[in-house]
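Enquirer: My structure is below; once you've seen it, I'll send some questions.
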Amino acid sequence: MHYVSCYVKMLKRDFPVLILSLFILCGFFVFMQHAFRASVAIQESVISNDMRNINVEEAVPSPAEVFFGDELFEKELQRRKLIEPKDSREVKILTEAPPTLGQRLKKLLKCNDRQLMLEKIQYGNYWLLRNYIRGTISTSVGCADTITLTTNGDYTFFDSLPFLTERWQAPISFAIFSPGYDFNATLSSIQFVRNCLRESQYIRDYVTFHIYFPPTDMPEYAPLTEKEALLWPYDCEAAPPYMDVDRSTMYKTEHNMTYPINVGRNIARKSVNTYFIFASDIELYPMPDLPRLFLEMVERNRSVYLDNKELRVFTIPVFEVTKDSQVPETKTQLVEMLRTHKAIPFHSKICKNCHLVPKHNEWVNASDTNELSLFSATKREGKFHYWEPFYISDNQEPIFDERVTWEGQSNKRIQGYAMCLLKYDYFVLHPAFLVHSPGIKYYDKNSPRLSYVPATNKLIKQVIQPEYRILFGTNKKCFT
């Protein structure tokens, strides 16, 4: 009893001390817990600073468990695929996003990005407003991200632009011949297609317009900047200014001017910012999604471009369809139209061998696929010595000779002659195809263009061919 009494007395005496000690001990544990949590927060703050440019949706979520201790914290960092370097001031991420197709091809092709900028320059015998109105996406696209379709015309060809742009959905470089007061109609047409159509968003995104005219046939007024040009008035309720035009009233017609088609072709080619181009006519419609399919094919067949000794282009078969037909979306649809005679090879009624690709029948009978492939290869020789193919290229082939006109014909054959002398290879793509705006073309013996042909042929035979033989060599298999 004595011991119990002593114990009770001691407990009463020391009870406040015990309670205080217990509170101190609990406070110590609480302090340590908060200190650890603060340490974790600091570490996560460092991680967050390095991850500030990463999309939140891509970030790894925090675990549901609560970890304690340095060892467990390091394991947690490893679980998040992070590593702490020797310098603890920064934490780097191990899992970076893989390079895009364009980035991979940029490294393979060794090309450089550049932006499209407005330029006012003298181009031969013309004033050129290069990149006068730019496509918003095309302005700063990467050099290997896509392909630029290059084309030309005057404002009366704008009716083909909406459908072409919707099919292509990639940069388009469009050179427009606009002498005198045709300039006004050109700007009105640009504003109309950019603002008044179902396809206007595609046109604003992708089409870059270049305008050229002789110094002897200047417009009375031209907006000084792109911003000012985009203020040009337009009326979406009115008829399109490029439709049903009386060509006899155009400035070009009234002043007996020919159409410098190869000037436009070259301006469009020289005004791009992508490595690959597709020099085409505005009335030719490519199969959908061709730019992406082609770039994927290049990556799969990169050896084709690693051998820089061989000169090459990638040819696309061309067809035309009857006036009442729809432009086919797939090769399967195209083949069915060929079977029912609603489609034929391009210019079959005018110059059959000018556009028929090598192994045409085998190409038609080959199964449709979701990928492009190199179907056949040839040179512009033998039975193909008059060939005028349309092709995708690296924009290094000879320019189009600007001394010939659209009216005089043979405007593409001269370039083909130069490429033959240079021994270019033409790889035919499958299942890629082009279709001309509906309507079968026939030879017109009363065409006013025929009066220009003799002078053009004389120029080619007596002047251009001798020059090209000096510049590019000789080859008896090559013809214009």
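The values are calculated or read from the model by the stated rules, or taken from the named source; none is laboratory data. These figures come from a predicted structure and were not determined experimentally. Every residue, glycine as well, gets a Cβ built from its backbone with ideal geometry; the counts of neighbours run over all protein chains shown.
Enquirer: Kindly indicate which of 416, 439 is within 32 Å of the chain's Cα centre (by Cα), surrounded by 20 or more Cβ atoms within 10 Å (Cβ to Cβ) and closer than 30 Å to residue 292 by Cβ.
Expert: Answer to the check: 416.
Enquirer: Of everything in the range 135-160 that's assigned to a loop (DSSP other than H, G, I, E, B) and farther than 27 Å from residue 314 by Cβ, which residue is farthest from the chain's Cα centre (by Cα)?
Expert: Selected residue: 154.
Enquirer: Sort through 435, 357 and tell me the only one that's over 21 Å from residue 164 (Cα atoms) and in contact with a strand residue (DSSP E or B) (Cβ under 9 Å, 6 or more places away or on another chain).
Expert: Values: 435 fails: over 21 Å from residue 164 (Cα atoms).
Selected residue: 357, the only one of 435, 357 that is over 21 Å from residue 164 (Cα atoms) and in contact with a strand residue (DSSP E or B) (Cβ under 9 Å, 6 or more places away or on another chain).
Enquirer: Take the conditions touching a Ser or Thr at 6+ places or on another chain (Cβ under 7 Å), of a type outside the set (D, E, K, R), at pLDDT 95 or above and over 16 Å from residue 213 (Cβ atoms) and apply them to residue 282. Does it pass?
Expert: yes
Enquirer: Would you confirm whether or not the range 443-451 contains a residue that is assigned by TED's automatic domain parsing to the domain that holds residue 381 and modelled with pLDDT of 95 or more?
Expert: Looking through the range 443-451, none of the residues is assigned by TED's automatic domain parsing to the domain that holds residue 381 and modelled with pLDDT of 95 or more.
Enquirer: Can you find a residue in the range 350-357 that is buried (at least 21 other Cβ atoms within 10 Å of the Cβ), part of a loop (DSSP other than H, G, I, E, B) and in contact with a Ser or Thr (Cβ under 7 Å, 6 or more places away or on another chain)?
Expert: Yes, because at least one residue in the range 350-357 is buried (at least 21 other Cβ atoms within 10 Å of the Cβ), part of a loop (DSSP other than H, G, I, E, B) and in contact with a Ser or Thr (Cβ under 7 Å, 6 or more places away or on another chain).
Enquirer: Something else about it: Of the residues that make up the range 325-341, is at least one crowded, with 18+ Cβ neighbours inside 10 Å, part of a strand (DSSP E or B) and not assigned by TED's automatic domain parsing to the domain that holds residue 148?
Expert: no
Enquirer: Same structure again: Among (1) more than 23 Å from residue 437 (Cα to Cα); (2) more than 20 Å from the chain's Cα centre (by Cα); (3) of a type in the set (D, E, K, R), there is one condition residue 296 misses while meeting the rest; what is its number?
Expert: Result: residue 296 passes all but (2).
Enquirer: Just to be sure, is residue 115 out of contact with any Gly (no Cβ under 8 Å at 6 or more places or on another chain), in a loop (DSSP other than H, G, I, E, B) and modelled with pLDDT of 95 or more?
Expert: Considered against the rule, which asks whether it is out of contact with any Gly (no Cβ under 8 Å at 6 or more places or on another chain), in a loop (DSSP other than H, G, I, E, B) and modelled with pLDDT of 95 or more, residue 115 comes out as yes.
Enquirer: Please pick out the residue among 163, 209 that is in a helix (DSSP H, G or I), assigned by TED's automatic domain parsing to the domain that holds residue 232 and within 17 Å of the chain's Cα centre (by Cα).
Expert: None of the other options fit; the residue is 163.
Enquirer: Moving on to the next point. Return the residues of the range 397-412 that are among the basic types (Lys, Arg) and surrounded by fewer than 20 Cβ atoms within 10 Å (Cβ to Cβ); say none if nothing qualifies.
Expert: Residue satisfying the conditions is 403 alone.
Enquirer: Of the conditions (1) assigned by TED's automatic domain parsing to the domain that holds residue 419; (2) crowded, with 20+ Cβ neighbours inside 10 Å; (3) over 30 Å from residue 397 (Cα atoms), residue 320 fails just one. Which one is it?
Expert: Among (1) assigned by TED's automatic domain parsing to the domain that holds residue 419; (2) crowded, with 20+ Cβ neighbours inside 10 Å; (3) over 30 Å from residue 397 (Cα atoms), the lone unmet condition for residue 320 is (3).
Enquirer: Being over 15 Å from residue 262 (Cβ atoms) and modelled with pLDDT of 95 or more is the requirement here; does residue 398 meet it?
Expert: The answer is no for residue 398.
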